[in-house]
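Below is one structure, written out as structure tokens; the observations come after it.
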Amino acid sequence: MEVGIDSFAAATLLDNGTGTTLSGAEAIAQLLERIERADQVGLDVFGVGEHHRPEYLDSATAVILAAAAARTERIRLTSAVTVLSAADPVRVFQQFATLDLISRGRAEMVVGRGSSIEAFPLFGFDLDDYDALFTEKLDLLLTIRGQEQVQWKGKFRPALHGEGIYPRPMQQSLPIWLGVGGTPQSFARAGMLGLPLMVAIIGGDTHRFRPLVDLYREAGRRAGYTPDQLPVGLHSLGYVAETTQQAKDEFFPGYAHTFTSRAKERGGLPVTRGQFDAQAGPLGALLVGNPEEVAAKIQRHSEALGGITRVTFQMDVATLPHTKLLEAIDLLGTRVAPLLRG
């Protein structure tokens, strides 16, 4: 199993309940150091998200990943996710093909519709076209991946009449994963297209997603793909420390701060410690604990979902100090990953 990290390039740290805002330059420098550390300790993949909000610095994902590519040697570099609905697939492909050349064949992308909607008005798209935009743009992106000169026509973008799309990546076929939440149609679409599936499970009981993963695999089988062509990855909120109590105590304040803020935006209630502890329990989605317990929980999640090939930890949602994140990266590389690969 591949083990990695996803980051949203948070600009704020929370230490013992006190918020400390970094300069953008300092926050980016720390993120690059964490990616470099992940490479050094043998993690398999590092993903950077895409947001257009003041608390995040990841609106130009490929630029951050290109900087990381120059400082790393082995780790794969991916988006997590690219909000394809509000982007131009031509430019997205060009950016990640360039990243692939810089990294000498280590680039990937995870594309999705996006759970945050701020990109749509920013780039002049109508939320009423939410699904139609993604369907069309995914079709164009996959066409560009497979063809150097592209003949294509759609509704939301000017047609292409055989123009060449350059540069081409170092990899023969640039890996494109489909990032999904809980919509059955998204799981089925990934299967029909034979795309690797990255399932974002940030709450609830992970095993409840099994019917959706089965839907993906069945759609892929009917489309003629073999099981090894349909890998499933799991994106979860998580954090590891030397003891489970330490991990929970360190992760909870920032986690509660982030999700309470989001709940207020949507008219919800504050997050309680009881809710958090339940999510960090045996069946809950949070991967928070000591290395051995977290590895065992990931194995249970894999069995419950019928087998996963990749798991990525989203740790900076809790706005932890940089030093704590580095320590967690060390534990993931030296103690969690070996247990999952053994």
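The values are calculated or read from the model by the stated rules, or taken from the named source; none is laboratory data. Keep in mind that what you see is a predicted model, and the values were worked out from it rather than measured. Cβ atoms come from the backbone with ideal geometry, glycine included; neighbour counts cover every protein chain shown. Only protein heavy atoms, including side chains, enter the accessible area calculation; ligands, DNA and RNA are left aside. Shrake-Rupley method; radii C 1.70, N 1.55, O 1.52, S 1.80 Å.
Which lysines have a Cα lying under 20 Å from the Cα of Lys248, excluding residues fewer than 8 positions away in the same chain?
Lys297, Lys324
Report the gain in length on full extension from Ala159 to Ser116: 0.36 nm times residue separation, minus Cα-Cα distance, nm rounded to one decimal. List each step's numbers first, then the result.
Details: separation 43, 0.36 × 43 = 15.48 nm, distance 2.79 nm.
Separation in residues times 0.36 nm, less the Cα-Cα distance, equals 12.7 nm.
Say each of Ile202 and Glu26 gets a label point 7 Å from the Cα, pointing the same way as Cα to Cβ; how far apart are those two points in nm?
The answer from the label model is 2.6 nm.
Suppose R0 equals 35 Å; then what is the FRET efficiency for Leu269 and Arg221 from their Cβ-Cβ distance, rounded to the nearest 0.05?
On the way: r = 42 Å, r/R0 = 1.19.
The formula returns an efficiency of 0.25 here.
With n ≥ 4 as the cut-off for DSSP H runs, can you work out [θ] at 222 nm for the chain, using -39500 (n - 2.57) per run divided by the number of residues, rounded to the nearest 500?
That comes out to -13000 deg cm²/dmol.
Using a 1.4 Å probe, how large is the accessible area of Glu26, given in Å² and rounded to the nearest 10?
About 90 Å², ignoring ligands and nucleic acids.
Going by a ≥ b ≥ c, the root eigenvalues of the Cα gyration tensor, does segment 269-342 fall in the rounded group (a/c under 1.5), the prolate group (a/b larger than b/c) or the oblate group?
Here segment 269-342 falls in the oblate category.
Tell me the label-point distance for the pair Gln171, Thr243, using the 7 Å Cα-to-Cβ offset, in nm and rounded to one decimal.
Result: 4.2 nm between the two label points.
Amide H to amide H, which residues 5 or more places from Leu287 or on other chains are under 5 Å from it, using H placed in the peptide plane?
Close amide H contacts, sequence-distant or interchain: Leu237, Gly238, Tyr239.
Round to a whole number: what % of the accessible area of the chain belongs to carbon and sulfur, probe 1.4 Å?
Details: 7790 of 14470 Å².
Roughly 54 percent of what the probe reaches on the chain is carbon or sulfur.
Taking Lys137 as the anchor, which lysines have their alpha carbon closer than 19 Å to its alpha carbon, excluding any fewer than eight residues away along the same chain?
Straight-line reach from Lys137, under 19 Å: Lys153, Lys155.
Please check which bits of segment 287-316 a label hung off Thr334 would reach, taking the label as a point 7 Å along Cα-to-C-beta and the cut-off as backbone N under 15 Å.
Within reach of a label on Thr334: 291-292.
Hey, can you find the accessible area per residue of segment 54-99 for me, probe 1.4 Å, expressed in square angstrom? Walk me through the numbers before you get to the answer.
Working: 1640 Å² over 46 residues.
Per-residue accessible area for segment 54-99 comes out at 36 Å².
Which whole-angstrom value gives the distance between the alpha carbon centres of segment 294-334 and segment 228-276?
After rounding, the separation between the Cα centres reads 12 Å.
Can you bin segment 1-156 into rounded, prolate or oblate? Criterion: square roots of the alpha carbon gyration tensor eigenvalues sorted a ≥ b ≥ c, rounded for a/c under 1.5, prolate for a/b above b/c, oblate for the rest. Spell out each step's value before the answer.
Numbers: a/c = 2.41, a/b = 1.33, b/c = 1.82.
It comes out oblate by the Cα gyration axes.
When a/c reaches 1.5 or more, the comparison of a/b and b/c decides; with that in mind, is segment 127-179 rounded, prolate or oblate per its Cα gyration tensor?
Numbers: a/c = 3.21, a/b = 1.33, b/c = 2.42.
Oblate.
Give me the 1.4 Å probe accessible area per residue for segment 107-235, excluding ligands and nucleic acids, in Å². Intermediate values should be presented prior to the final figure.
Details: 6240 Å² over 129 residues.
Result: 48 Å² of accessible area for each residue.
Provide Rg over Rh for segment 211-342; use the alpha carbon set for both Rg and the Kirkwood Rh (inverse mean inverse pair distance).
On the way: Rg = 16.5 Å, Rh = 16.0 Å.
Rg divided by Rh gives 1.03.
By per-residue mean of other Cβ atoms within 10 Å, what is the highest-first order of 136-149, 234-247? Walk me through the intermediate numbers first.
On the way: 136-149: 17.2, 234-247: 21.4.
Highest-to-lowest ranking by the protection proxy: 234-247, 136-149.
Mean separation of Cα pairs under 8 Å and 6+ residues apart, divided by the residue count of the chain: what relative contact order is that in percent? Before the final figure, lay out each step's value.
Working: 660 pairs, mean separation 69.0, N = 342.
Dividing the mean separation by the residue count of the chain yields 20 percent.
Pop a pseudo-label 7 angstrom from the Cα along the beta-carbon direction at both Arg53 and Asp139 and give the gap in nm to one decimal.
The answer from the label model is 3.2 nm.
Compute the length gained on full extension between Leu127 and Arg262: take 0.36 nm times their separation in residues and subtract their Cα-Cα distance, giving the result in nm to one decimal. Don't skip to the end; give the middle numbers.
On the way: separation 135, 0.36 × 135 = 48.60 nm, distance 1.97 nm.
Computed gain between Leu127 and Arg262 is 46.6 nm.
For Gln147 and Leu283, what does the FRET efficiency come to when R0 = 41 Å and r is the distance between their Cβ atoms, rounded to the nearest 0.05?
Values: r = 45 Å, r/R0 = 1.10.
My answer for the efficiency is 0.35.
List, in order, the whole-Hz ³J(HN,Hα) value for each residue of segment 226-240 obtained from phi through the Karplus relation with A = 6.51, B = -1.76, C = 1.60 and θ = phi - 60°; use x for Gly and Pro.
Couplings: 8, x, 6, 8, 10, x, 10, x, 10, 9, 9, 6, x, 6, 10 Hz.
With θ set to phi - 60° and the Karplus curve 6.51 cos²θ - 1.76 cosθ + 1.60, what are the ³J(HN,Hα) couplings of segment 93-105 in order, to the nearest whole Hz, using x for Gly and Pro?
For segment 93-105, the Karplus curve yields 5, 4, 5, 7, 5, 5, 4, 5, 5, 4, 8, 6, x Hz.
Please work out the average accessible area per residue across segment 251-326, using the 1.4 Å probe convention, and give it in Å². If you can, show how the numbers build up before the last one.
Values: 3020 Å² over 76 residues.
For segment 251-326, the per-residue accessible area is 40 Å².
When the scattering of the chain is computed by the Debye formula from its Cα atoms alone, each counted once and equally, what is log10 I(q)/I(0) at q = 0.10, 0.13 Å⁻¹?
Results for the chain at q = 0.10, 0.13 Å⁻¹ read -0.57, -1.01.
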